[in-house]
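Asks: Sharing a structure with you now.
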Amino acid sequence: MPSTQAASLLERFVASLEEIDVAWSRTDANGFESTLESVLEEPAVGVPIPIDGASLPDTVETDLDPETVRAAATGVTPATIAVADYGSVLLESDANGSELASLFSETHVPVIREQDVVGTMADAFEDLGPLLRGDQGDVIVATGPSATSDMGALVTGVHGPTDVHVVIVEQ
Amino acid sequence: MSGKNSERAERKVSKRAKAAKIRGIMEQEGTAIETNTQGFNDGRYESVADLEDYEGLKDEARAIKEDAIARLPDLIDDLTAAVEDNGGTVYLAEDAAEANEYIESIVADADADSVAKSKSMTTEELEVNEHLEDASVDVVETDLGEWVLQVAEEAPSHLVAPAIHKSREEITTLFEERFDPDVPLETAEDLTKFAREQLADDIASADVGMTGANFLTADSGTMALVTSEGNARKTVASTDTHVAVAGVEKIVPSVEDLQPFIELIGRSGTGQDITSYVSLLTPPIDAPTFADEEFGDADARDFHLVLIDNGRMAMREDEDLRETLYCIRCSACANSCANFQQVGGHAFGGETYTGGIATGWEAGIGGEEAAEDFNDLCTGCSRCTEACPVKIDIPWVNTVVRDRLNRGADPDAFDHLVSGLTPDPEPAGLDLQKRFFGNFSTVAKLGSAFAPVSNWVAEAPPSRWLAETILGVDRRRDMPKFTRGTLRKWAKGRDSLADPDREVVLLADTYTNYMHVERGKATIRALEALGCEVHVADTSESGRAALSQGMIATAREHAESVADSLEPHVEAGRDVIVVEPSDLAMLRNDYERLLDAETFDRIATNSYEVLEYVYGLIENGADINALADGDGEEIAYHSHCQQRTLGLDAHTEAILDRLGFDLLTSEVECCGMAGSFGFKQQYYDVSMAVGDDLREQFTTPDTEDRTVVASGTSCHDQLTELLERSVTHPVEVIAPAE
Ligand code: SF4
């Protein structure tokens, strides 16, 4: 029963996100724009999301340059895979500047298709092998915001985002 | 003073000086180190408990590393081809000088005057920063902990959290003095924000980004970087030229091989299920360049991989040091170590590396002498071995290096004092302190023969002075008490059991035979009550004492004589019973290194700790009522390090519980004594500091009146001193009265 299995993967994924204090929203392609609007703070930057019918709101700047990226409060980028066990999202580098938009903004909003949620890290590596070997790709396995304990207590928001808000798109 | 005497005086001073140095570090850094490492260690237990198959994952990780190191030359070729195919360059540096020169040339080619760096122990090993600074290149560390140390001009005290020895208050003071900030820096948030802002500009203006690599995959030329702050990502993304520096041992065959490590490394180290970012980069990366006003073409990015040998290929050929190359530098062996928790990496570490495995790294890179100063802080307690994600026998690495150091010692020193007195195959120049503790069975035999006179002599002030001066035995310690009449002699005079269900042989260790004879007697009574006829082996010393001093040849002689003496018993179908957990660990684990495989296997599979055996007998139908009734007696029980590693603490607890004792167990893993360690003048303070947590636990209103029970002799001695109460062995409370 694929639908039950998918539901349980999603449940596991959001449970993991909650455990690490990461916010999430679930929507479909039609509701995508309004969901994003409610999530993002301006100035926002983003790169096109390769999901049919999911277009970014006008408030999201997609014509990027270093200064715009550095100044962004929110960065919206696609995630290719999510790992339910860990609440991780896999972010690929691309010529659009996804890596930069996801790294320099205060809040990162990764967008993942519901069907791309896998269960375990081992599942994720089934896709990673071909991707890194074949396409010489770069992937960040990102789990929650950037963090440090080097200053005497756990602090989130160091060199990378302070907050992460995952948007899950069902199809 | 003759030459020999002044040498002796020097050594004495140096033991005392060492004690003072360690005391100083503990006072300055001990509190921060203890809080942080214990937090990491607790986190590790919690985090690995969530894994479905933790042991299986560790086995997988170990197998990948064994395979990778075995075919390292081929993997280096494959990796080189893959990186070059991706458009990067690879340089294999034989030593630090070569690596530094090459890195300097890349920086010069890029016309760079500043380098942003993310944390890398390998670059610390090479001292890249110093080298580049001499060439007038600015280097900025972007990991917050590393940056704090760069500002403070200090060395890392921990593999993963380099500034772990500094409290928040100290960092505040440092920043205030150094930067005179406009805003108050009171909280960790304030400090982080301040550091981030300082570093953001430095990263933006850097021309070259330098990283380490936690893993490299030979099939794709991918590097994995395990970080949480995001500085490694920024360092790579913001600069057009990326230099990665990594030891050759970081190579694994394929991308898929990364998976177990990614699941284990954070959990094992700081207790995080996974760090915020695991960057899997196949550089040069695909992101547009970010250094100018507009995004630039990703093709303009350069990548250089600098692979470091620096002793590693020779370690690969070294049977005993090879395992060190499997290390993924997770820091679990430091965090799980009771001594490390007290002193940190500034005492328990060498030039670069810290914690238990530092001995392997430092000896492999700089020769054994590079590990001499701190190697003895490993007591061989074995708590790290189950924490290590690649299952390195870290105590063995320490023992081997200790043995090599012993052998390298000046052959003339002290020989006039020991020649003919200590029958062991160790070199003449061996440190007397090591020789004394390594041959403790000989001392015990004599002490017992002349008891109680030997006890009076040992306790007399001149003897204590002599012991401290010559042997470095701390005079604050109570001397062990010898018993007149050994367990073996007592057992001989005993009638054998009529109609026994089975026969066993007791390996009465040195302490049980000569000193704590009562626990030996109790063992025999308890086993007899459960239907066993007990023979007592005619040897005592397992070799543990010698092994702990790095005297491997002596330990092997003991192992062989134990094997000879047990052989006929095992042949006759008798199980071997051991009272002292550290001796059982010899039989079950260390003998694998000392005896042939078949003999080891026969002894290891037939040996049991006494309470483990009692548990087994009762499970198999023996009558528990034959033992003493606990009757609600309140007990405070402390297990033993090696017993925990062997997974045998539960058996003792179960038996005490079933017999009706009111049982409370210590939450502290280590008592701090660790065999002879706590007796040594240079380590007395560390030993007592480790024991302090245990003392606190056993002196609360709920515990202060409980009967204290401990499974190890060391724990017994340490608890007796810490609590000033008498301490007994579990078998003594469960054995029926005579
Ligand atoms: S020896 Fe094992 S536990 Fe210690 S740092 Fe290396 S991998 Fe971690």
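The values are calculated or read from the model by the stated rules, or taken from the named source; none is laboratory data. Note that the coordinates shown come from a computational prediction; the quantities given were computed from them, not determined experimentally. Cβ placement follows ideal geometry from the backbone for every residue including glycine, while neighbour counts extend to all protein chains displayed. Quick note on the areas: whole protein, heavy atoms, side chains included, nothing else; ligands and nucleic acids left out. Shrake-Rupley method; radii C 1.70, N 1.55, O 1.52, S 1.80 Å.
Asks: Just by accessible area at a 1.4 angstrom probe, what is the order of A:T35, A:T77 from largest to smallest?
Replies: A:T35, A:T77
Asks: Sticking with the crude label model, points 7 Å out along Cα→Cβ, report the distance from B:S14 to B:E633 in nm, one decimal please.
Replies: In this crude spin-label approximation the distance works out to 4.9 nm.
Asks: Which listed residue (B:I655, B:T354, B:H535) has the Cα farthest towards the positive end of the charge dipole for chain B, taking +1 on Lys and Arg C-beta and -1 on Asp and Glu C-beta about the Cα centre?
Replies: Comparing the listed Cα positions along the dipole, B:H535 ranks first.
Asks: Now, a different point. Could you tell me which residue out of A:I140, A:L40, A:L100 lies farthest along the dipole of segment A:4-170 toward its positive end? Charges go on the beta carbon: Lys and Arg +1, Asp and Glu -1, centred on the Cα centre.
Replies: Looking along the dipole axis, the top candidate is A:I140.
Asks: In chain B, what cysteines have no partner Cβ closer than 4.7 Å?
Replies: Taking the Cβ cut-off of 4.7 Å, the unpaired cysteines of chain B are B:C327, B:C330, B:C337, B:C378, B:C388, B:C532, B:C670.
Asks: Further, regarding this structure: Suppose R0 equals 30 Å; then what is the FRET efficiency for B:A81 and B:E55 from their Cβ-Cβ distance, rounded to the nearest 0.05?
Replies: The formula returns an efficiency of 0.25 here.
Asks: Using R₀ = 41 Å, calculate the FRET efficiency as 1/(1 + (r/R₀)^6) where r is the Cβ-Cβ separation of B:E724 and B:E189; round to 0.05.
Replies: Once rounded, the FRET efficiency stands at 0.35.
Asks: Cross-link list B:K58/B:K434; B:K21/B:K117; B:K21/B:K680; B:K481/B:K521: which exceed 23 angstrom alpha carbon to alpha carbon?
Replies: B:K58/B:K434; B:K21/B:K117
Asks: Now for a separate question. May I ask for the Rg/Rh ratio of chain B, computed from Cα atoms with Rh as the Kirkwood radius, given to two decimals?
Replies: That ratio equals 1.01.
Asks: Treat each spin label as a single point 7 Å out from the Cα along the C-beta direction, and report the A:S38 to A:T59 distance in nm.
Replies: It works out to 1.3 nm between the two label points.
Asks: Let me ask another. Taking all protein chains in place and a 1.4 Å probe, what share, in percent, of the accessible surface of segment B:1-420 do carbon and sulfur account for?
Replies: That share works out to 43 percent.
Asks: Can I ask one more? Under 5 Å between amide H atoms, partner at least 5 residues away or on a different chain: which partners does B:E669 have, H built in plane at 1.01 Å?
Replies: Under 5 Å from the amide H of B:E669: no residue qualifies.
Asks: Expressed as a rounded percentage, what relative contact order does chain B have, with Cα pairs under 8 Å and six or more residues apart?
Replies: Relative contact order of chain B: 12 percent.
Asks: Can you give the net charge of the other residues whose Cβ lies under 9 Å from the Cβ of B:T241, counting K and R as +1 and D and E as -1?
Replies: -3
Asks: Continuing with the same structure: Could you check what % of the DSSP bridge pairs in segment A:1-120 are antiparallel, to the nearest 5?
Replies: Given both bridge residues lie in segment A:1-120, the antiparallel proportion sits at roughly 20 percent.
Asks: Could you please state how large a percent of the accessible area of segment B:487-734 is carbon and sulfur, counting protein chains only and using a 1.4 Å probe?
Replies: Summing carbon and sulfur atoms, their accessible area is 41 percent of the total for segment B:487-734.
Asks: Starting at the first residue of segment B:534-544, write each ³J(HN,Hα) from the Karplus equation 6.51 cos²θ - 1.76 cosθ + 1.60 with θ = phi - 60°, in whole Hz, x for Gly and Pro.
Replies: Taking θ as phi minus 60°, the curve returns 10, 8, 10, 5, 8, 10, 10, 7, 6, x, 4 Hz for segment B:534-544.
Asks: Starting from the exponent 0.38 and prefactor 2.2 Å, build the expected Rg for chain A from its residue count and divide its actual Cα Rg by it.
Replies: Normalised Cα radius of gyration, chain A: 1.00.
Asks: Can you give me the relative contact order of chain A as a percent, contacts being Cα pairs under 8 Å and 6 or more apart?
Replies: 27 percent
Asks: Rounded to whole Å, give me the distance from the Cα center of segment B:202-226 to that of segment B:338-408.
Replies: With segment B:202-226 and segment B:338-408 each reduced to a Cα centre, they are spaced 28 Å.
Asks: With +1 on each Lys and Arg Cβ and -1 on each Asp and Glu Cβ, how big is the dipole of chain B about its Cα centre, in debye rounded to the nearest 20?
Replies: About 4060 debye.
Asks: Let me know the charge dipole size of segment B:601-704 about its Cα centre in debye, to the nearest 20, where only the beta-carbon of Lys, Arg (+1) and Asp, Glu (-1) is charged.
Replies: 600 debye
Asks: Continuing with this model, one more query. Counting only heavy atoms of protein chains, what accessible area per residue, in Å², does chain B have with a probe of 1.4 Å?
Replies: On a per-residue basis, chain B sits at 37 Å².
Asks: Which of the residues in segment B:284-328 lose at least 30 Å² of accessible area when you go from the chain alone to all protein chains together (probe 1.4 Å)?
Replies: Residues meeting the cut-off: B:D286, B:A287, B:P288, B:F290, B:F295.
Asks: Let me ask something else. Among A:G31, A:G119, A:G152, whose mean-square fluctuation peaks in a Gaussian network model of chain A (Cα, cutoff 10 Å)?
Replies: With Cα springs under 10 Å in chain A, the top fluctuation among A:G31, A:G119, A:G152 is at A:G152.
Asks: Compute, for the protein assembly as shown, the length of the dipole vector about the Cα centre, with Cβ point charges of +1 (Lys, Arg) and -1 (Asp, Glu) only. Units Debye, rounded to 20.
Replies: 5320 debye
Asks: Would you tally the net charge around B:R644, using a Cβ to Cβ cut-off of less than 11 Å, leaving B:R644 out, and scoring K and R as +1, D and E as -1?
Replies: Spelling it out: positives minus negatives among the neighbours equals -2.
Asks: Among the GluC sites (Glu not before Pro) within segment B:145-220, which fall in a DSSP loop and have no more than 10 other Cβ atoms within 10 Å of their own Cβ?
Replies: B:E153
Asks: Then there's this: Suppose R0 equals 41 Å; then what is the FRET efficiency for B:E518 and B:A597 from their Cβ-Cβ distance, rounded to the nearest 0.05?
Replies: The pair B:E518/B:A597 has a calculated efficiency of 0.65.
Asks: With Cβ to Cβ distances under 12 Å as the rule, what net charge do the other residues near B:T122 carry (K, R +1; D, E -1)?
Replies: My count for the surroundings of B:T122 gives 0.
Asks: Using a simple spin-label model with points 7 Å from Cα along the Cα→Cβ vector, what separation in nm is obtained for B:D297 and B:A108?
Replies: In this crude label model, B:D297 to B:A108 measures out at 2.9 nm.
Asks: Shifting gears a bit: Using a 1.4 Å probe on protein heavy atoms only, how many Å² of accessible area do A and B hide from each other, summed over both chains and rounded to 100?
Replies: The buried area between A and B, both sides summed, comes to about 4500 Å².
Asks: Shielding of B:267-276 by partners, i.e. mean partner chain Cβ atoms within 10 Å per residue?
Replies: Going residue by residue through B:267-276 and averaging, the value is 5.
Asks: Continuing with this model, one more query. What part of the accessible area of segment A:4-170, given as a whole %, is carbon or sulfur when the probe is 1.4 angstrom?
Replies: 43 percent
Asks: When the helix-only estimate is applied to chain B (DSSP H runs of n ≥ 4, each -39,500 (n - 2.57), divided by the residue count), what is the mean residue ellipticity at 222 nm, nearest 500 deg cm²/dmol?
Replies: My calculation for chain B gives -14500 deg cm²/dmol from helical runs alone.
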